[in-house]
Amino acid sequence: MRFSVLLPTRNRLQFLRFAVETVRRQDVDDWEIIVSDNDSEDDIAGYVASYADPRIRYQRTDRFLPVTENWNYALAQSRGDYVIMLGDDDGLMPGYFRAMTDLVERFDHPELIYTSGYLFAYPGVLPDHPEGLLNHYRNGVFFGGAEEAFRLDARLAEKVAFDALNFKMTFAFNMQYSLISRSLIDRLRPLGHFFQSPFPDYYATIVMFLKARQIVVEPRPLVAIGITPKSYGFYLFNDRESEGVEFLNSLAANDLPERIRRVLLPGTNMNTSWLVAMDTVATNLGPQPRLRVNYRRYRLLQMLRVLRAFYRMPEQSRSDVQQLRARLAWHEWLLFSAMLGGLAVTLRVGPRLQGAVRGVVRRATRRIRGSLEWQPGTSKQPLRTMLDVYEAKVGSR
């Protein structure tokens, strides 16, 4: 049984080399790495050639592709029986392939294996954790207190997928948590490309949870997702999301169907790309009673996002407030105006009341979206790179 590791990359050779090393140091040899170089200026070709290992295969695009196209390009080059997608700043943990081999055999070749993982913020990424941070992230409500792998009930898999269409995050959609069988990839071909929408992992994960014939859940953290100073996560956590959109080269509003453009609101690209991904799921899978996108909840989340931004940076957020009010229905306008008016009063009073209001807005957002959103904790050990994480083998819970 061969494993394919997809590694799309662009101008991040300093991180890519760590991701490759976490694969090379595994104790199972039947794997391949597809390094899909998205028109980089770094000498990634020379780096791959230096290994002289036929299992590490280099592919280069002829232009800077949107992230979704590059992911599909990488997938098309792969030959393995099971596939995992890593970012070039991510990594596998020791024994990943051995653990996956055991699960494939024990559960009779499941179509999808979904694991727990670590989140690793490099030093200088999170403002509140300048020395870096490593946390074990229990990334699904279905993990519960489980310590052993188990089959996920099909009804529960369907429920958490429908939650995503309803803008509730009850499990994480990051592609790194999924090991995907070639049989599932082939079965989904009638829907078009395996990866679709500006957030291809959101789309693919929800489709897999709805369509996979057997899903196995592994609660052990067997992957680590990196957040580096050159990543979308960095821009998101540092209030520079527009730069993150440019970094991904993914979302062009003019290319969206009219049904989407009608409901778009300013706020955060995270919610808008989530919306497009869910709309694509609903469109591709066809009419079903519960397969509907909750546009109202999307718009409410965007209203709350603009409100939070206005609280932190009133002057910089006035344009978003004006654009938002112009696009709201009358009942939405009344609600937002009431919230904005209450916020304007608190901005004139002491910091204690301001903090209370900020907490109310934050809790309201979590209540609407679900409580699974990662809240950075503390890290017990100083770690500088993904290879340090691999060698440490443990993270704080």
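Things worth noting here:
- Within the stretch 11-26, residues that are on the phi > 0 side of the Ramachandran plot have Cβ atoms under 6 Å from residues that are surrounded by fewer than 20 Cβ atoms within 10 Å (Cβ to Cβ) and of a type outside the set (S, T, N, Q) in these pairs: Asn11/Glu41; Asn11/Asp42, counting only partners at least 6 apart in sequence or on another chain.
- Filter result (closer than 14 Å to Tyr203 by Cβ and free of Cβ contacts under 8 Å to residues at least 60 places away in the same chain) within the stretch 280-294: Thr283
- Here is the figure for the stretch 121-146: residues that are over 23 Å from Met93 (Cβ atoms) and in contact (Cβ under 8 Å) with a residue 12 or more places away in the chain total 3.
- Any strands (runs of 3 or more DSSP E) falling wholly within the stretch 78-190 and containing at least 3 residues that are touching a helix residue (DSSP H, G or I) at 6+ places or on another chain (Cβ under 6 Å): 112-121
- Search result, residues across the stretch 1-44 that are in a loop (DSSP other than H, G, I, E, B) and among the acidic types (Asp, Glu): Asp27, Asp29, Asp30, Asp39, Glu41, Asp42, Asp43
Residue-wise test of (1) surrounded by fewer than 19 Cβ atoms within 10 Å (Cβ to Cβ); (2) hydrophobic (A, V, I, L, M, F, W, C); (3) touching a Cys at 6+ places or on another chain (Cβ under 6 Å); (4) touching a residue at least 24 places away in the same chain (Cβ under 8 Å).
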site	(1), (2), (3), (4)
Glu148	yes, no, no, yes
Leu156	yes, yes, no, no
Ala161	no, yes, no, yes
Ala164	no, yes, no, yes
Phe173	no, yes, no, yes
Gln176	no, no, no, yes
Leu184	no, yes, no, yes
Pro190	yes, no, no, no
Phe194	no, yes, no, yes
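- Filtering Arg318, Arg352, Arg366, Arg297 for residues that are among the basic types (Lys, Arg), at pLDDT below 85, in a helix (DSSP H, G or I) and surrounded by 13 or more Cβ atoms within 10 Å (Cβ to Cβ) leaves a single hit, Arg366.
- Only a single item in (1) within 28 Å of Arg138 (Cβ to Cβ); (2) among the hydroxyl-bearing types (Ser, Thr, Tyr); (3) at pLDDT below 95 is not met by Thr61, and it is number (1).
Quick grid of which residues meet (1) part of a helix (DSSP H, G or I); (2) modelled with pLDDT under 70:
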position	(1), (2)
Ser197	no, no
Arg213	no, no
Pro219	no, no
Leu222	no, no
Leu236	yes, yes
Asp239	no, yes
Ser250	no, yes
Asn271	yes, no
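The values are calculated or read from the model by the stated rules, or taken from the named source; none is laboratory data. Because the structure is predicted, anything quoted here is derived from the model rather than measured. Glycine also receives a Cβ, built like all others from the backbone with ideal geometry; neighbour counts cover every protein chain displayed.
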